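Okay, structure first, notes after.
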Amino acid sequence: MADIDRRGFLECMAWVGTGIVWTAAGGVLSSRTLAHAGEASAGDFSFVQISDTHVGFKGEANPDATATLREAIAKINALPTPPAFVLHTGDLTHGQKPGAFDSVAEILKSVRAERVFYIPGEHDVFLDGGKEYLGRYGAGTVDGRGWQSFDYRGVHFVGLVNVLSYKASGLGGLGEEQLEWLEKDVQRLPSSAPLVVFTHVPLWALYPKWGWATADGERAIGYLKRFGSVTVLNGHIHQAMQKVEGTVTFHAAMSTAFPQPAPGTAPGPGPMKVPEDRLRGLLGLREVGFVEGRSPLAVVDRTLAS
Amino acid sequence: MRKRIRAAAACAALLVLSTTLPAARTSDGAAPEAQIGIEHFAFRPETLTVPAGTRITWVNRDEELHTVTSSAGAFASAGLEKGETFAYTFAAPGAYAYFCALHPYMKSTITVK
């Protein structure tokens with residue numbers, strides 16, 4: 001695992017934005033299509049990513065994390081183009097607090113989308129190795145172990161679990177079995193198939209010193225490189241950050257619960273207290289749009305303040 | 001100037017890196033006790049040497065949840081909120097490596113003599 005130096009980090013930071021970020025993946029800015037839903041053709045669709053809802057969190061960084069989650073859902077329900085589905089990229093709960101999973105299920109009932117797909121964060125599995133999480137969300141995943149793939153209107157979606165071997169390496173990890181499954185899962189697809197991969201801990205070495213990397217992420221990325229359009233979505237770091245590597249675009253998402261410091265700007269990661277009037281500018285959700293015949297997906301980060 | 005501050009900070013850091021507790025029992029004959037702070041995503045002191053029978057109490061001073069989890073499975077706390085504590089009595093001599101299950105790069109070792 002290559003360590004990230006300050007220069008490399010600053011290069012990463014060049015992709016950082018707050019507020020609404022319009023990302024030009026592969027040099028094509030296609031986000032404007034989101035604002036013109038009326039022009040959409042039959043194959044077009046959008047979906048939403050939410051992350052790090054940390055239900056059960058109580059602290060100075062956000063006195064009411066369920067209220068901001070409800071605000072995020074209200075934003076989703078008010079989108080001009082209703083999302084086909086929602087992806088939750090983990091840390092549903094704050095440290096598996098008693099009743100937190102029930103609250104998550106209850107609150108997310110109000111989201112106007114066909115379905116919510118989940119993958120776990122380390123906060124959801126660290127106490128019991130994923131027993132409760134998989135009991136609730138394991139159905140329909142590979143051998144009930146949390147990872148999964150599905151196709152939607154020509155786009156192949158892959159959800160990866162990289163928090164179950166967290167303890168051993170200090171980084172996210174996929175493990176041999178999941179990597180072998182991934183290799184087989186994408187093998188049958190033509191290189192022209194657009195891919196969306198979603199996971200909790202960044203797949204790329206964003207800031208290994210804080211555990212913001214997946215130890216065997218490079219191997220997974222290796223299986224994806226032959227594809228013309230790969231969008232990798234993650235959570236965990238509670239801030240929007242992007243990186244482009246050939247045809248693979250990496251996007252870290254904001255949390256709905258509390259912000260975390262930018263890499264290296266504090267003694268460690270963790271809830272960051274900001275003035276109350278700034279909090280909602282640092283929390284949010286992400287809308288991703290797919291336009292048929294146009295390979296890069298449009299990724300738009302929307303804060304709760306916008 | 002900046003260099004000097006950095007050097008001073010490094011010296012200060014060294015001071016808290018390692019602590020050895022005296023083997024003597026407390027004056028009232030109770031088992032020896034020690035405290036470890038969890039602060040800024042680190043266990044302080046980072047390493048600690050104590051006599052057998054010492055009861056160690058960890059206190060989390062971060063707003064983030066942390067755990068005190070033995071690498072060999074000897075002990076494991078739940079998620080500790082800010083201000084919450086976890087205690088374990090080290091009866092047998094040995095080296096006890098532990099970490100935070102939520103931030104596994106937070107590692108430390110207790111040496112029991």
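The values are calculated or read from the model by the stated rules, or taken from the named source; none is laboratory data. All of these numbers come straight from a predicted model, not from anything done at the bench. All Cβ positions, glycine included, derive from the backbone under ideal geometry; neighbour counts span all protein chains shown.
Among the residues of the stretch A:80-116, those that are surrounded by 19 or more Cβ atoms within 10 Å (Cβ to Cβ), away from chain B (no Cβ under 14 Å) and in a strand (DSSP E or B) comprise A:VAL86, A:LEU87, A:HIS88. Screening the candidates A:GLY135, A:GLY90, A:GLY140 for the property of being small (Gly, Ala, Ser) and either in contact (Cβ under 8 Å) with a residue 40 or more places away in the chain or in contact with a strand residue (DSSP E or B) (Cβ under 6 Å, 6 or more places away or on another chain) (or both) yields one hit, A:GLY90.
Scanning the stretch A:55-64 for residues that are touching a Leu at 6+ places or on another chain (Cβ under 9 Å) and closer than 20 Å to A:PRO275 by Cβ, we see that the one that is surrounded by the fewest Cβ atoms within 10 Å (Cβ to Cβ) is A:ALA61. Looking across the stretch A:265-304, the residues that are touching a residue at least 24 places away in the same chain (Cβ under 8 Å), charged (D, E, K, R) and away from chain B (no Cβ under 14 Å) come down to A:ARG280, A:ARG286, A:GLU287, A:GLU292, A:ARG294, A:ASP301, A:ARG302. Residues satisfying the criterion are present in the stretch A:250-273 (criterion: crowded, with 19+ Cβ neighbours inside 10 Å and farther than 27 Å from B:LEU65 by Cα).
Okay, residues lined up against (1) among the hydroxyl-bearing types (Ser, Thr, Tyr); (2) crowded, with 19+ Cβ neighbours inside 10 Å; (3) closer than 25 Å to A:GLY289 by Cβ:
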position	(1), (2), (3)
A:GLY154	no, no, yes
A:VAL158	no, yes, yes
A:LEU171	no, yes, no
A:GLU180	no, no, no
A:ASP185	no, no, yes
A:ARG188	no, no, no
A:ALA193	no, no, yes
A:ALA205	no, yes, no
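Of note, A:GLY95 satisfies the criterion of being modelled with pLDDT under 95 and at positive phi.
Taking the conditions (1) under 20 Å from A:TRP212 (Cβ atoms); (2) charged (D, E, K, R); (3) more than 14 Å from chain B (Cβ to nearest Cβ) in turn, A:GLU122 satisfies each one other than (3). Of all residues in the stretch A:41-79, those satisfying the criterion of being within 14 Å of chain B (Cβ to nearest Cβ) and under 19 Å from A:THR89 (Cα atoms) are A:ASP52, A:HIS54, A:VAL55, A:GLY56, A:PHE57, A:ALA65. Under 25 Å from A:PRO271 (Cα atoms), at pLDDT below 95 and touching a strand residue (DSSP E or B) at 6+ places or on another chain (Cβ under 7 Å): is that true of B:GLU63 in this structure? Judged against the criteria, B:GLU63 is a match. When each of B:ALA34, B:ALA72, B:ALA9 is tested for being surrounded by fewer than 17 Cβ atoms within 10 Å (Cβ to Cβ), hydrophobic (A, V, I, L, M, F, W, C) and modelled with pLDDT of 90 or more, the lone residue that passes is B:ALA72.
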